[in-house]
Every structure is written in C-alpha cells, then in structure tokens.
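Throughout, read-outs are computed from the coordinates displayed, never taken from laboratory work. Here the structure is a predicted model, which means the values were calculated and not measured. As a convention, Cβ positions derive from the backbone with ideal geometry for all residues, glycine included, and neighbour counts pool all protein chains shown.
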Amino acid sequence: MAVSGSWQPDAPAALLVGLFADPGRARQLLPGQWDLALQQAQNTGLAGRLADVLREGGAWASLSQRVKHVLTMAEMHTARFRQEAQWEAKSMRAVMRDIGQPLILLKGGAYVVRDLAAGRGRVLSDIDILVPRERLQAVENIFLARGWRPMKQNEYDDHYYRDWGHELPPMQHMRRGTVVDIHHTILPPTARYTVDGTLLLAAAQGIPGEPDMMTLQPVDMMLHSVAHLFADGAMDNGLRDLIDQQALLRQFGTEPGFWRMLLLRADELGLQRPLFYALDALERHLEYPVPMEVMAEVSTWAPSGWGLLRPLFARCLRPRHSSVEGPDVAAARFAIYLRSHYLRMPMTMLIPHLTRKAVRRWRQDEAAA
Amino acid sequence: MRLRTNSRRLRERVAQMYAGYPGTVEAAEDVVADFTVDFRRFLGLPRFDWRLAFRVNGGLRLSAQSERLSFALFEWGANWCVSTYCQQYLAIHAAVVERNGHALVLPGQPGSGKSTLCATLVARGWRLLTDETAMFRLEDGLMVPVVRPISLKNQAIDVVEGLWPDATFGPRFTDTEKGTVAHVRAPDASIADMFVPAPPRAVLFPTFIEDQPVEIKPYEKAEGFMFLASNSFNYDVLGAAAFHCLVRVVEQCRMATIRYGDGTAAAEAIEAEWP
C-alpha cells in the first residue's frame, strides 16, 4: 500500500498510528522508538492487533527478537480471549435456541466468529448480542434460567437501562464469570442519534458453518463501530475503535458497491455526521485512502463549528500513554465526556439525571464518613 | 526491566540489592524492554511527606506509597510486572532452589514459611532460582530462574539473619500490611547462574508449625496438580499448553509435604532426602 513518506516516528503521537497505516515502516524504527510504540500499544489494548497487522503486512520477519518477544506475549493473551469468545458464543447460541431465537453477535464477538481481521489479536471483554425489542423479556428470562445473573445495579441505574437505554443491564454467568450485554438496538432511544433495531435485524446475515448464529451486515458493522465512537460514548477506547474501523474498511472496502451502500445506509439510519467524523479521522490519522467522491459527499455532512470539534477528537483518539497525554488531552477528554452526556439525553432528562447521580454520591460519601 | 526514577534513595537501594546483575540501573533509552517501571517522587498532601507514584509502561498510576517504603514498593511492583507480562512460561507461586543439578519447588501457602525455608537452604549453599515466581518452560518443563531478592517477614528476618551472617540485608520496613518486611540480596553464585535452567526433581509443600519435629510425607499427585494449577498466575491464559506442562512436571517429580518447627532441622532433612 502506497502511503505518504513524511512520517515522523520521533513524534510520539504519530508513532503508533503510523505503524498501523503502513506496517512496512517497521523497518525504520530504532529500538528506543519500538519500545515507546510497544508501550503505547500495550496500554491501549492494541499490542495483539499490532502483531497481526505486522504479520499481514509482511513486516514480521524484519522485527528484532525483543520486539517479537513482547508482541508474542500479547498474542498469547488475545488468542485466549478469542478462544473464550468463540466458546461463549456457542454456549449462548444453545441458550437462545431454547426460545427459538438466533444469536446475533455485535462488535468484537461478531469479528471473531466471522474471522475478520478486526477480530484477530483483539482484546475482548463482554459479549454483545442483539435481539428484537419485543423479545427482550423472554431473552432475559432464558439467560436467567441458564445461569446468568444481573450484575449488581442500584434501582435507579436499572430503571435507566430498561426504560431509556438500548440494552439490558449486563448479566454475568454465575460460574464462568463471563458477561453478556443484551441490546435491542445500538444507540439509546432517547439519544440525539438513534437507530431502529428492526432495520438492523432485517439485514442481519448468517455465518457460513454456524447455524443459528448471525451478525450485522458489513455496512452495519462499520456504522455500529462509527456510532459507538462518534455518536455515543466518551471515546475511552478511541484509537482501538478507529483501528477496528480501518480493519473493517480494508476487509470490505474492495467489495463492489460497498461504499455506495455505506453512504445510503448512513442516510437511512441517520448516522451521516458520525460517518463523516469517522472517515475524516481515518484519512487524517491512519492515512486511509477513502475514495475521493465518497469524501466529497460526506464532507457536506460536516457541522458548523467543525473546527472546534475536530481537535478534541484528535486528542481523544491518541494512544493511552503518558508520552501523548498532557493537560490539553485531559481537557479534551473531559469535554468529550460532557458531550457524551449531551448526546445521550435531552436536557429535560439530563438535569434530573445528573442531579440524582450527584445527590446519591453525596449521600454515599456522607454515609461513609 | 527498565527502571525510571527521580528518587535517589530508591536508586541507591536498587543498585545495592541488584549489584552484579547484567545491565545498569541508569535509564537505557535505546533498548526494547519487556516493561518499564516508573517511580516518580512527589510531595504528598496534606501530610507533606515524600511519596513515590508507581506506573508501568507509561500507563495509569497503580499505587503511591511513602518514599520510606521505596524498595518494598519496587519489589512489589516488579512482582506484579513479572506475573502480568511473562507469558512464555507457566508461572506458579512458589520458591525454587537447586542443588546438584536438581530443582526443588516449594509452593507457598501463606504461613507456610516457604520464603524462610528457601532462605535457609540458600544460606546453606543451595542455588536460588526464585523465592516467589516459579517459571516452568512450556516445551520441556525446565525451571527458569528469576533471581531477585528474597523477601522475609517479621520473625523470619531475625531467624535468617542469625543463620546467614554474610547476607546483604535491605532495610526493614515496619508497619506494612504484612507487618515488618525486609529483603536479602541473592548470593553472587545464584546471580552468576541466572540464565542456567534446572530440571525440577521434587515438589515439596511446606507447613510451619511451632515445635513440630520434621516430617516428610508423600503427597497425592492429583491433589498436587490441582494445588499448583490454582496457585498459578497464568494457567488460565495459557490453557492447554499449561495443562500439558504441569502434567509432565507432576509425572516426573516426587510430591511430598514437609511439616517442621525448626528451619535448620528441615533443611538437614531435605538434604538427606535429596542428596
């Protein structure tokens, strides 16, 4: 892949993303630079993905023994996560069969069972699944019956999840300790950006070799990751999510009609602006070759005041490491944290919600004192 | 491991306790380290005491303690790193000593006295491989040394000081969570052989009981396997590879328990049992 040659590995913020953009650059790095890149990758949960990208990019052989050693350690961890995720998926499929519902996997679980590049070397924690809203209670009941327990929530949080949220409170398996997040859609119904789950379900695809197991269609997988990163949360795993999107585009971007479908679907689901944010970030930070006509079209979706938002995103998408996290980054993360609240709830809900949280925390502190 | 610190006190203590080890204490910037530990000195408020903040690999601060406890914090941090980052070996919570080409594994229940027994044997000339993290090579079950200072608690410190007059002791740290803690530098011979692995010959489960005469009894292999697996730092990460490695170890090694009230008597019995 031809990328620009003006990469500066001495700039800590450019180091790790530069390697993901073009793994061939691995040959250029000095041991001290490698050390920093590995630390950044480890702290951001990207060491396993980096190893995979280097292997796929034909750069593995050029690595020093030390670097290979550190990356191999990470690969051992992520191989374990992968194995567990596959096992959990099969176990959950059996549970869902009892109520005649296929298992529809989201995010990392989906990448792993489909054996996508995005799933290799990945750090996985909870398994996320999608079910029709009308079957939510039935699904919760069958999971309870098969040994999962709701994780301890106070009554208010529980009510928040069920009434306003897009997912049930997480459930944990009694013996195995694994956690499942049961969604009926990918964004909260009360949020500024929201998606009707039935649209996603209608387009879900089966997995060859795995009956009763499904994932979202490729453009929806991409839009889900985009929505999660730019339209929902506080960007805590920003770079990791962006790397997922890069991997998904590399996987599906060459399929005929993919880009046209991505744009149409973004329009249909109301996720145009987040998609613009994502493609802009992918182009800027990961040097992703977004087709020119696509970029031209999505740029028309940019908001006014984009100049203010863009540098905030840029900082939140950095690796988690002291070398790139100064006070400006802390300030940006806080601003994005506030933004995530604003996105999730209208003001009429937000003020009472934050007030209740503050009062509860104050009461806990008083009790503990 | 790379150490970065602006605490002179810590730097000097580490230089003393790790004297003779390959590498230097100064920051080596053009090396790929397995992990980097960072101890930054800062003035704690509101008590105005000097404290050290501990970070690994430039990440979140994991702990902050009084600078008074600096070396204890360093050892604790290094333990954490070794058990988190060393996945190429099966790591089990045990001491390992070696004599005449055979390694003895001493798994450590709290209160077992494993560190004290380990120190006693090392004082008598056994090679120290580790007092804390037994590392088994996955492919052949050989034990890989992790030679670091032996950590001792409370009365054990006095006992070992008594029978090991040549030992280099670090400072005593009083008022820690575990009581009084001190460290003994590993002997020069053990440091010199830090890259020499050893085949395990026996797994000996120690239990210290006041005034107990020495008793060595065989231990059921299957139970031994379960104990070792449950005391492993990374058995679950390594999965099947760990299982096969541990099976080989359990099949090849003698398994026994030792109950004792006097460390020297225990050491003599061990030396008689495994000449």
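Cut-off 13 Å, label point 7 angstrom out along Cα-to-Cβ of B:Ala265: give me the residues of the stretch B:99-141 whose amide nitrogen falls inside.
Of the residues in the stretch B:99-141, none has backbone N under 13 Å from the label point off B:Ala265.
Find, to one decimal place in angstroms, the Kirkwood hydrodynamic radius of chain A, where the mean of 1/r is taken over every pair of different Cα atoms and then inverted.
Kirkwood hydrodynamic radius for chain A: 21.9 Å.
Under the Kirkwood approximation applied to all pairs of distinct alpha-carbon atoms, what is the hydrodynamic radius of the stretch B:1-130 in Å?
16.7
Would you mind ranking A:Met221, A:Met174 so that the residue whose beta carbon has the fewest other beta carbons within 10 Å leads the list?
With the sparsest Cβ surroundings first, the list reads A:Met174, A:Met221.
Could you give the semi-axes, largest first, of the ellipsoid that matches the stretch B:146-210, computed as the square roots of 5 times the alpha carbon gyration tensor eigenvalues and rounded to whole Å?
Working through the eigenvalues yields semi-axes of 24, 17, 12 Å.
Step through the residues of the stretch B:195-208 one at a time and calculate ³J(HN,Hα) from phi using the Karplus curve (6.51 cos²θ - 1.76 cosθ + 1.60, θ = phi - 60°), rounding each to whole Hz and writing x for Gly and Pro.
Values, residue by residue: 9, 9, x, 9, x, x, 10, 8, 10, 10, 8, x, 9, 8 Hz.
Kindly express, to the nearest 10 degrees and within the range 0 to 90, the angle between helix A:272-286's C-alpha long axis and the longest C-alpha principal axis of chain A.
Approximately 30 degrees, to the nearest ten.
What is the P(r) of the stretch A:48-196, as percent of Cα-Cα pairs per 10 Å bin from 0?
10, 34, 29, 17, 9, 1
Calculate the mean, over all residues of peptide B:29-40, of how many other protein chain Cβ atoms lie within 10 angstrom of the residue's Cβ.
5
Exactly which GluC sites (Glu not before Pro) in the stretch B:185-275 are in a DSSP loop and have at most 15 other Cβ atoms within 10 Å?
When the GluC sites (Glu not before Pro) of the stretch B:185-275 are filtered for loop state and at most 15 Cβ neighbours within 10 Å, B:Glu210, B:Glu220 remain.
Dividing the alpha-carbon Rg of the stretch A:1-100 by 2.2 N^0.38 Å yields what?
Compared with the compact-globule rule of thumb, the stretch A:1-100 sits at 1.36.
Among A:Thr185, A:Thr194, which comes first, then next, by fewest other beta-carbon atoms within 10 Å?
Placing the least packed residue first, the sequence is A:Thr194, A:Thr185.
If I fit a long axis through the Cα atoms of helix A:327-344 and take the longest principal axis of the Cα atoms of chain A, what angle between them do I get, 0 to 90°, rounded to 10?
40
Whats the longest run of chain B with zero chymotrypsin sites (Phe, Trp or Tyr not before Pro) that are DSSP loop and have at most 15 other Cβ atoms within 10 Å?
The reported range is B:49-194.
Using alpha carbons only, how many angstrom separate the centre of the stretch A:257-312 from the centre of the stretch B:147-193?
Centre-to-centre (Cα) distance: 61 Å.
Could you tell me which chymotrypsin sites (Phe, Trp or Tyr not before Pro) in the stretch A:227-290 are loop residues by DSSP with no more than 10 other beta carbons within 10 angstrom of their beta carbon?
Filter output for the stretch A:227-290: empty list.
On average, how much area does the Cα convex hull of the stretch A:152-249 cover when viewed from any direction, in nm²?
8.2
Suppose we take every Cα in chain B and form the convex hull; what volume per residue is that in Å³?
Dividing the Cα hull volume of chain B by its residues yields 133 Å³.
Viscosity 1.567 mPa s, temperature 4 °C: what is the translational diffusion coefficient of the stretch A:236-306 from Stokes-Einstein with a Kirkwood Rh over Cα pairs, rounded to a whole number of µm²/s?
Once the numbers are plugged in, D ends up at 103 µm²/s.
Under 8 Å for C-alpha pairs, at least 6 residues apart: give me the relative contact order for the stretch B:41-189, rounded to a whole percent.
16
Any idea what diffusion coefficient the stretch A:258-369 gets from Stokes-Einstein, in µm²/s, Kirkwood Rh on alpha carbon pairs, 10 °C, 1.306 mPa s?
Estimated diffusion coefficient is 94 µm²/s.
Semi-axes of the stretch B:152-261's equivalent ellipsoid from the Cα gyration tensor, sqrt of 5 times each eigenvalue, largest first, rounded to whole Å?
One finds semi-axes of 30, 20, 16 Å for the stretch B:152-261.
What per residue convex hull volume, in Å³, do the alpha-carbon atoms of the stretch B:77-118 yield?
95
Looking at chain A, send over the antiparallel percent of its DSSP beta bridges, to the nearest 5.
Once the DSSP bridges in chain A are tallied, antiparallel ones form about 65 percent.
Before anything else, pin down the relative contact order of chain A: Cα pairs under 8 Å, at least 6 apart, normalised by residue count, whole percent.
16
Of the trypsin sites (Lys or Arg not before Pro) in the stretch A:141-215, which ones lie in a loop per DSSP and count no more than 13 other C-beta atoms within 10 Å?
Within the stretch A:141-215, the qualifying trypsin sites (Lys or Arg not before Pro) (loop, at most 13 other Cβ atoms within 10 Å) are A:Lys152, A:Arg175, A:Arg176.
Nearest 10 degrees, 0 to 90: what angle lies between the long axis of helix A:47-56 and the longest principal axis of chain A (Cα atoms)?
So the inclination is approximately 50 degrees.
Counting only other chains, and only Cβ atoms inside 10 Å, what mean value do you get across the residues of A:29-35?
Per residue, the average neighbour count from other chains is 4.
From zero outward in steps of 10 Å, how is the percent of C-alpha pairs of the protein assembly as shown spread across the bins?
Pair shares across the bins are 3, 13, 21, 23, 20, 13, 6, 1, 0.
Can you return the aspartates and glutamates within cross-link range of A:Lys90? Criterion is Cα-Cα under 16 Å, with same-chain partners fewer than 8 residues away left out.
Straight-distance partners of A:Lys90: A:Asp98, A:Asp115, A:Asp126, A:Asp128, A:Asp181, A:Glu210, A:Asp212.
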